[in-house]
Amino acid sequence: MDDQNCAVCGNQGHGLHFGIVACRACSSFFRRTVAERKTYTCRTKNQCIIKKGLRNTCRACRFQKCVQAGMKIDPKQTAPIEHETSSSVSTEPSGSTTPLGAPAVPQFWSNRDCKTLNRIVEGIYNYKTSEKSLFTVNHPDHIFCPVKEFRIVNETEYSETLRGSISLLYSMFNEYFPVFNELNPANKVLVIKTIFYECQIVYQGMQSLNYFSDNEEKIYVFYGYYMSRDLEGFFKDPEKWNHVRSLFGPTMEMIFQLMQRMRVLKLNETDVAALSGLIFSQAMINLGFATEALHKFRRDLFTDYHYYLLNTYGTEESGIRGTDVFCLLLDAKTLNFKIQESRAIAKIFISDFIDHWGSAVGDP
């Protein structure tokens, strides 16, 4: 075998990985297997042929060949895995070791120009850092020290952070979604109003997994803030809390059920980027803003995400993974409808109900 070829599958090597010359696909496979403590079983006699084109046929034999070829565990290389979630409360999400300013993009993308999905992932990463910056502006005492524990959000803080979320989402789409830039200002606002809750449901679900453990009944609202399952602490008036809790209680239960499905999938930034792009493109089509550029964006997004799934999860699991992730879109749409319905009912039956969303976007 050529010294420049991968010692595992024989494909073109891309430098030293875990002590041997390896391609990015095999090094990513080894890192993922070790980090997630996966074990595989060969269906035959551990003698499967592992080479380019066949390396995904048996993961047990592939991992065995990685070890036999001399791959060794290096904590520095295995630490920054984006989709890892903590089993206990964490002050920073998994993958926070990524250097500031560097998009959280899988390394193997460098052998394919996945511009569309790559760009959205970068946008989500910058959205996360912008959230932190906005939090420190409102809380100067945290400029030089990270938030050790999130605080429960109250009604006033929620209203303020909601406005910040809308502004940041608008900026992200304006900078990282070229098709969005083609719209006039009024239509941009219309698109944001249409997609905001669906995009936030997916993003906040992912962030809840990153910051809170499975047994905590907390929903990530904004960096530094969470909302409890029963809305405790949100309202100062106990009577108002009881009214709103009875109305929005079923919606909160749906959110936690969705979060559990996300936890099982270990939803990461790349998945959220794909979902956000699809939510956006579908809204554009439904609103009558479809153009050839939009359809190209949508095709490129599907192609990039398909490539990512194949390279990350292999031929056996990529299809199932993609289907499970896309099913989250249906959940997000159902939740969006439920939230809008609850808002409308609350306006009618709760005299002092404040529609924070309507106030933030200028709706009466």
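The values are calculated or read from the model by the stated rules, or taken from the named source; none is laboratory data. Since the structure is predicted, the reported quantities are computational estimates derived from the model, not experimental observations. Note that we place each Cβ from the backbone using ideal geometry, even for glycine, and neighbour counts take in every protein chain shown.
Considering only the range 279-296, state which residues are assigned to a helix (DSSP H, G or I) and either of a type in the set (Lys, Arg) or surrounded by fewer than 20 Cβ atoms within 10 Å (Cβ to Cβ) (or both).
Matches in the range 279-296: GLN282, ALA283, ILE285, ASN286, GLU292, ALA293, LEU294, HIS295, LYS296.
Pairs, please: C-beta under 9 Å, at least 6 apart or cross-chain, first residue closer than 18 Å to ILE120 by Cβ and without any contact (Cβ under 8 Å) to a residue 40 or more places away in the chain and in the range 148-173, second basic (Lys, Arg) and in a helix (DSSP H, G or I)?
Sorted first by the residue in the range 148-173, then by its partner, the pairs are TYR170/LYS188.
When you look at GLY95, is it of a type outside the set (Ser, Thr, Tyr), within 23 Å of GLN200 (Cα to Cα) and either in a loop (DSSP other than H, G, I, E, B) or at pLDDT below 80 (or both), yes or no?
For GLY95, the condition - of a type outside the set (Ser, Thr, Tyr), within 23 Å of GLN200 (Cα to Cα) and either in a loop (DSSP other than H, G, I, E, B) or at pLDDT below 80 (or both) - is met.
Would you check which residues across the range 170-182 are of a type outside the set (Asp, Glu), surrounded by fewer than 19 Cβ atoms within 10 Å (Cβ to Cβ) and at pLDDT 90 or above and list them?
Result: TYR170, SER171, ASN174, ASN181.
When you check LEU267 against the structure, is it over 18 Å from THR116 (Cβ atoms), at pLDDT 95 or above and either among the basic types (Lys, Arg) or assigned by TED's automatic domain parsing to the domain that holds ASN181 (or both), yes or no?
Considered against the rule, which asks whether it is over 18 Å from THR116 (Cβ atoms), at pLDDT 95 or above and either among the basic types (Lys, Arg) or assigned by TED's automatic domain parsing to the domain that holds ASN181 (or both), LEU267 comes out as no.
Restricting to the range 152-206, count the residues that are assigned to a helix (DSSP H, G or I) and within 20 Å of the chain's Cα centre (by Cα).
Result for the range 152-206: 29.
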